Amino acid sequence: MKLIKGGTVISPSGASKADVLIDGETIAALYAPGQAPDGPEVIDATGKYVIPGAIDAHTHMQLPFGGTAASDTFDTGTRAAAIGGTTTIIDFAVQRTGEVVQDGLAAWHAKAAGNCHIDYAFHMILGGVDDDSLKAMDQLVTDEGVTSFKLFMAYPGVFYSDDGQILRAMQKARGNGAMIMMHAENGPAIDVLVKQALERGETDPIFHGITRPQELEAEATSRAIWLASVAADCPLYIVHLSASKALEQVAAARDLGRNVFAETCPQYLYLTLEDQLGAPGFEGAKWVCSTPLRSKHESHRADLWRGLRTNDLAMVSTDHCPFCMKDQKELGIGDFSKIPNGIGSVEHRVDLLYQGVVDGKLSLARWVETIATTPARMFGLYPKKGIIAPGSDADIVLYDPNGRTRISVETHHMNMDYSAWEGWEIDGSVDTVISRGSVVASGGEYTGHAGHGQFLKRGLSEYLI
Ligand code: DUC
Ligand code: ZN
Ligand code: ZN
């Protein structure tokens with residue numbers, strides 16, 4: 001037994017002083033201060049926030065992409081996640097075009113099994129919607145604990161699905177209760193703009209952003225929302241929403257009571273087209289991701305923070321998809337379209353969002369909700385995960401509001417040769433991380449091990465009507 005004593009427990013309903021008793025891998029009880037029985041090993045949480053272990057519902061460990069593969073393995077990526085206060089990831093298994101869905105899922109299990117430091121679950125990317133993959137969706141929901149499917153309106157020839165395929169998958173999801181997750185960018189139109197830019201000799205990383213204007217994110221978001229409407233209000237979750245006009249589409253659908261949800265990512269809340277993607281020379285490649293960073297001369301960042309407060313944006317995930325500069329991002333020197341798309345942040349999401357609390361953009365309760373509780377409820381992991389309550393897994397983070405975090409490639413644990421957040425300072429720090437009752441990180445020391453993480457079969461989303 002362990003007792004987390006003297007801290008302030010934060011839940012979506014607010015803050016309260018309580019001591020948390022852990023029995024083995026689960027939370028046994030919460031006590032008013034001083035009321036817990038003597039005996040258990042005490043973890044001193046005086047002056048700390050006690051929050052549910054964070055859940056990153058959008059990661060891409062070892063994803064093959066752009067002629068290379070994301071540089072974090074399940075080992076390095078989940079270790080870094082744990083150090084940063086994330087105790088569950090939901091990664092994307094991939095069905096490539098022409099591949100049997102279940103084979104793609106088995107390949108992802110093979111990559112992850114025995115290598116994870118924290119618990120993990122999978123969404124499934126469908127690279128080819130046809131009769132077989134539609135049938136497979138039922139089997140994954142019923143038997144495999146995979147209850148969400150990502151489709152791409154971008155990347156023609158790679159992951160792209162056309163509108164007919166999307167509609168069929170949505171109809172299937174409406175029937176079996178699954179969530180359709182959408183990469184909402186108009187890929188064919190983007191490809192035209194990319195070709196035209198390259199023909200003009202516009203090859204620098206910033207043109208990655210300029211050829212993916214917000215209108216093409218908003219148009220795809222709107223189209224996905226209408227297609228979901230045709231599919232009898234199939235549950236729809238827009239991933240990595242980056243732009244004000246896309247957010248307007250989501251907000252309008254939600255105002256009508258539709259089953260439409262969206263996430264954003266730390267990079268869109270803080271970083272910009274001009275300051276990062278437009279960095280001199282090839283430097284901007286560090287921030288090439290899709291959807292792209294948006295202009296600081298428009299109101300995207302303020303709108304996204306507001307969307308988080310109003311729940312038009314339900315939660316924050318990272319879209320962790322790291323590539324090193326050397327040999328990976330460098331593939332796009334002289335042609336931005338060959339830069340592998342992705343940013344690595346799995347280690348920093350808890351801290352980066354806490355800075356939003358310090359800056360007065362999020363309440364403490366909403367911080368916990370957007371990084372832990374809503375991801376659990378959205379993707380069928382609640383109340384096992386995402387809440388500090390009796391019977392839930394003892395996934396708990398002690399967060400020090402008086403700590404300080406300085407982000408750098410010199411100190412991070414992700415397998416990347418740069419940091420997208422180099423030099424950033426956060427007014428707070430992760431103090432202790434507990435995963436299913438085991439202390440995996442404490443005072444900057446990592447004490448966990450690969451293989452501790454277990455695969456989680458998920459149920460259906462709680463938010464559906
Ligand atoms: N976006 C990225 O930035 N990387 C991987 C895939 C995606 O959709
Ligand atoms: Zn995507
Ligand atoms: Zn992604």
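The values are calculated or read from the model by the stated rules, or taken from the named source; none is laboratory data. Values in this document were obtained by computation on a predicted structure and should not be read as measured data. All Cβ positions, even for glycine, are placed from backbone atoms using ideal geometry, and neighbour counts span all protein chains on display.
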Pair list, Cβ under 8 Å, 6 or more apart: segment 171-186 residue closer than 21 Å to residue 131 by Cβ, other residue of a type in the set (Phe, Trp, Tyr) and crowded, with 24+ Cβ neighbours inside 10 Å:
173/149; 178/149; 180/149; 180/237
By residue number, the members of segment 215-239 that are within 16 Å of ligand 1 (Cβ to nearest atom) and among the acidic types (Asp, Glu) are 217
Out of (1) without any contact (Cβ under 8 Å) to a residue 12 or more places away in the chain; (2) within 16 Å of ligand 1 (Cβ to nearest atom), the odd one out for residue 325 is which?
(1)
Could you list, in sequence order, all residues of segment 115-146 that are within 16 Å of ligand 1 (Cβ to nearest atom) and either of a type in the set (A, V, I, L, M, F, W, C) or surrounded by fewer than 24 Cβ atoms within 10 Å (Cβ to Cβ) (or both)?
122, 124, 125, 126, 127
Taking helices (runs of 4 or more DSSP H) that fall entirely within segment 122-216, which contain at least 3 residues that are among the small types (Gly, Ala, Ser)?
163-176, 187-199
Which of (1) away from ligand 3 (no atom under 16 Å from the Cβ); (2) among the hydrophobic types (A, V, I, L, M, F, W, C); (3) in contact (Cβ under 8 Å) with a residue 40 or more places away in the chain; (4) closer than 15 Å to residue 458 by Cα does residue 51 not meet, given it meets every other one?
(4)
Within segment 1-11, track down each residue that is outside any strand (DSSP E or B) and over 11 Å from residue 388 (Cβ atoms).
1, 6
Could you list, in sequence order, all residues of segment 237-262 that are of a type outside the set (Gly, Ala, Ser), away from ligand 3 (no atom under 16 Å from the Cβ) and not in a helix (DSSP H, G or I)?
256, 258, 259, 260
Check whether at least one residue in segment 77-97 is under 23 Å from residue 176 (Cα atoms) and at pLDDT below 95, and report yes or no.
yes
Determine which member of the set 439, 430 is buried (at least 23 other Cβ atoms within 10 Å of the Cβ) and not in a loop (DSSP other than H, G, I, E, B).
430
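Scan segment 276-307 for residues that are of a type outside the set (Val, Ile, Thr) and either in contact with a Cys (Cβ under 9 Å, 6 or more places away or on another chain) or under 18 Å from residue 339 (Cβ atoms) (or both) and report the count. Walk me through how you get there before you give the answer.
First, the residues of segment 276-307 that are of a type outside the set (Val, Ile, Thr): 276-287, 289-290, 292-307.
Okay, now just the ones that are also either in contact with a Cys (Cβ under 9 Å, 6 or more places away or on another chain) or under 18 Å from residue 339 (Cβ atoms) (or both), so 276-287, 289-290, 292-294.
Summing the residues that are of a type outside the set (Val, Ile, Thr) and either in contact with a Cys (Cβ under 9 Å, 6 or more places away or on another chain) or under 18 Å from residue 339 (Cβ atoms) (or both) in segment 276-307 gives 17.
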When segment 67-118 is checked residue by residue, the ones that are in contact with a strand residue (DSSP E or B) (Cβ under 9 Å, 6 or more places away or on another chain), part of a strand (DSSP E or B) and hydrophobic (A, V, I, L, M, F, W, C) are 89, 90, 92, 93, 94
Scanning segment 147-170 for residues that are of a type outside the set (Ser, Thr, Tyr), in contact (Cβ under 8 Å) with a residue 40 or more places away in the chain and away from ligand 3 (no atom under 16 Å from the Cβ), which turns out surrounded by the most Cβ atoms within 10 Å (Cβ to Cβ)?
170
Restricting attention to segment 228-276, which residues are buried (at least 21 other Cβ atoms within 10 Å of the Cβ) and among the β-branched types (Val, Ile, Thr)?
238, 239, 250, 260, 264
Selection from segment 315-340 of residues that are surrounded by fewer than 24 Cβ atoms within 10 Å (Cβ to Cβ) and within 20 Å of the chain's Cα centre (by Cα)
324
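Every residue, every condition in (1) out of contact with any Pro (no Cβ under 7 Å at 6 or more places or on another chain); (2) under 27 Å from residue 259 (Cα atoms); (3) of a type in the set (Val, Ile, Thr), yes or no:
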site: 311; (1), (2), (3): yes, yes, no
site: 315; (1), (2), (3): no, yes, no
site: 333; (1), (2), (3): yes, no, yes
site: 346; (1), (2), (3): yes, no, yes
site: 349; (1), (2), (3): no, yes, no
site: 357; (1), (2), (3): yes, no, yes
